[in-house]
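Written out below as structure tokens is the structure these notes cover.
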Amino acid sequence: MNGFGRDGGRVVSGSGRDAVGLADVEQTPRLRSPDVGRSAVATRAEAAPLADVAPRVRPPGHPVVALTIAGSDPSGGAGIQADLKTFAALGGYGCAVLTGLTAQSTTGVTRVHPVPADMVSAQLDTLFADVAVDTIKIGMTTDAAIARTVAAALRDLRAAGRTPFVVLDPVMVATSGDRLLAPDAEAVLRDELLPLADLVTPNLPEAAVLLGVEPARDGREAADQARALRALGVGYALVKGGHLDSAESVDHLAGPGVGGVCGGGNGGTGAGRDNGDSGGGNRVGGVGTTGNGAVGDDLGEVSPGGDGVVALAAPRVPTRNTHGTGCTLSSACAVLRPAHDGWEPAVRAAKDYLTGALQAADSLVIGGTGTTSGRWQGHGPVDHAHATRRT
Ligand SMILES: Nc1ncnc2c1ncn2[C@@H]1O[C@H](COP(=O)(O)OP(=O)(O)OP(=O)(O)O)[C@@H](O)[C@H]1O
Ligand SMILES: Cc1ncc(CO)c(N)n1
């Protein structure tokens, strides 16, 4: 066990068996390239200095280059698979750095295997030395060493004057209830990654862990927790309400300029980017409606820092296909941000996309093989390609 045991002891992580398996692969002669076995230090030293990388000029209309730093979900509904589908569906070009493998389906997670932290570092350094990434989504970081490695790479990038947008989805537990993050990584997410992020997107239990409080029981408490997360150094906080038992699925976004509040200019995350938000621009008497029926209620409160909080509601879609909604939303926020004038309009557009994917989700029948008809207890994926399918 590596800190991943769930109460029921169902989930196990990288153990001796996995380690042996990986070593076996690395010793296969065909794979014995000069890269195999290099230490993280050697790799970092040999990568081109970040400051020396001058991006090539891109033609007008070039897709947003979006990177996901996350784990793999073989069932395709969550993790990097969901992130890349989301990037593509929204017109982005997707890159992916893997932090961990999961053995997972629509019914749960049976195993989690971390990618060695020095290999995560090598992936990031090699990518950043060549590719100019516009926006980054961080999902499952798997363990404390990997979370620290990701933070160090983001700091290096920033020190080199490169400031992609950063969305942190602090993935801790899957929809199925299985743990995806070693408990000792929670403090690293809070202390190291959160202050580097422009937007954090916890669900209710994750927000509570980050804040060290009980999970919010209603929208008012969720709004308070979104504000409280800002005090931990993140630019904007979106506390998702998918877990609340309400007729609408309501998320709360806090940050400078949100809901049309004139920000206090304190939305910076140390990235040196003006994080000020121009607001959604669609408020009518405090309520705005977006394409998919999502409604925003300006909660009408301004904290001393100039933060506004807005409730973003969408009709709750009656489907079991909710696996990966959090991954999909955070990736949509990341890839949509460069084309939007602030985080609030980007988050609204991302929620519209997710609501469409949920509304079309029952057209997908993924999972359930091997169960007696009618007894499938899983959670299937949303339909990432709902707007563009040609098959
Ligand atoms: N049935 C639903 N109908 C509409 N929106 C939903 C539904 N379920 C979740 N959402 C929305 O999906 C997004 C993700 O919410 P949720 O709180 O479930 O995150 P999560 O637990 O991190 O997701 P997951 O772990 O399943 O990927 C939020 O915008 C939430 O409002
Ligand atoms: C790999 C991975 N990341 C995130 C989630 C959360 O939905 C999941 N189930 N699997």
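Six or more apart or on different chains, Cβ under 7 Å: which pairs go from a residue in the stretch 184-211 that's farther than 13 Å from residue 326 by Cα to one that's outside any helix (DSSP H, G or I) and of a type in the set (Asp, Glu)? Could you list them? Between residues of the stretch 184-211 that are farther than 13 Å from residue 326 by Cα and residues that are outside any helix (DSSP H, G or I) and of a type in the set (Asp, Glu), the close pairs are 185/143; 208/214. Scanning the stretch 100-121 for residues being more than 16 Å from ligand 1 (Cβ to nearest atom) and touching a Pro at 6+ places or on another chain (Cβ under 9 Å) gives a total of 3. In the set (1) surrounded by fewer than 20 Cβ atoms within 10 Å (Cβ to Cβ); (2) of a type in the set (S, T, N, Q); (3) within 30 Å of residue 365 (Cα to Cα), the condition left unmet by residue 104 is number (1).
Among the residues making up the stretch 71-88, a single one is away from ligand 1 (no atom under 12 Å from the Cβ), hydrophobic (A, V, I, L, M, F, W, C) and in contact with a helix residue (DSSP H, G or I) (Cβ under 7 Å, 6 or more places away or on another chain): 87. Only one entry of 109, 115, 133, 120 meets the criterion of being among the β-branched types (Val, Ile, Thr) and closer than 20 Å to residue 330 by Cα, and that entry is 133.
The number of residues in the stretch 137-170 that are under 16 Å from the mean Cα position of the chain (by Cα) and open to solvent by 20 Å² or more (accessible area, probe 1.4 Å) comes to 2. Considering (1) more than 17 Å from the chain's Cα centre (by Cα); (2) part of a helix (DSSP H, G or I), the lone condition that residue 366 does not fulfil carries the number (2). For residue 311, the stated conditions hold: it is more than 21 Å from residue 85 (Cα to Cα), in contact (Cβ under 8 Å) with a residue 60 or more places away in the chain, aliphatic (A, V, I, L, M) and not in a helix (DSSP H, G or I). Within the stretch 173-205, the residues that satisfy the criterion of being open to solvent by 10 Å² or more (accessible area, probe 1.4 Å), within 16 Å of ligand 1 (Cβ to nearest atom) and either in a loop (DSSP other than H, G, I, E, B) or of a type in the set (Val, Ile, Thr) (or both) are 173, 174, 175, 176, 177, 180, 203.
It is to be established whether one or more residues within the stretch 79-90 are touching a Lys or Arg at 6+ places or on another chain (Cβ under 9 Å) and either open to solvent by 10 Å² or more (accessible area, probe 1.4 Å) or of a type in the set (Lys, Arg) (or both). Checking the stretch 79-90: not a single residue is touching a Lys or Arg at 6+ places or on another chain (Cβ under 9 Å) and either open to solvent by 10 Å² or more (accessible area, probe 1.4 Å) or of a type in the set (Lys, Arg) (or both).
Of 280, 259, 233, all but one fail to be at pLDDT 80 or above and crowded, with 20+ Cβ neighbours inside 10 Å; the exception is 259.
Restricting attention to the stretch 333-391 and to residues that are open to solvent by less than 30 Å² (accessible area, probe 1.4 Å) and of a type in the set (Ser, Thr, Tyr), the residue that is farthest from ligand 1 (Cβ to nearest atom) turns out to be 353. In the set 70, 82, 88, 96, only one residue is part of a helix (DSSP H, G or I), among the hydrophobic types (A, V, I, L, M, F, W, C) and within 20 Å of residue 168 (Cβ to Cβ); that residue is 82. Residue 96 meets all of the listed conditions (1) within 15 Å of ligand 2 (Cβ to nearest atom); (2) open to solvent by 10 Å² or more (accessible area, probe 1.4 Å); (3) of a type in the set (A, V, I, L, M); (4) over 30 Å from residue 60 (Cα atoms) but one, namely (4).
Within the stretch 323-345, the set of residues being over 22 Å from residue 204 (Cβ atoms), more than 14 Å from the chain's Cα centre (by Cα) and assigned to a helix (DSSP H, G or I) comprises 338, 339, 345.
The values are calculated or read from the model by the stated rules, or taken from the named source; none is laboratory data. Keep in mind it's a predicted model, so treat the numbers as computed, not measured. No Cβ is skipped: glycine too gets one built from the backbone with ideal geometry, and neighbour counts run over all protein chains shown. SASA here: full protein model, heavy atoms, side chains in, ligands and nucleic acids out. Shrake-Rupley method; radii C 1.70, N 1.55, O 1.52, S 1.80 Å.
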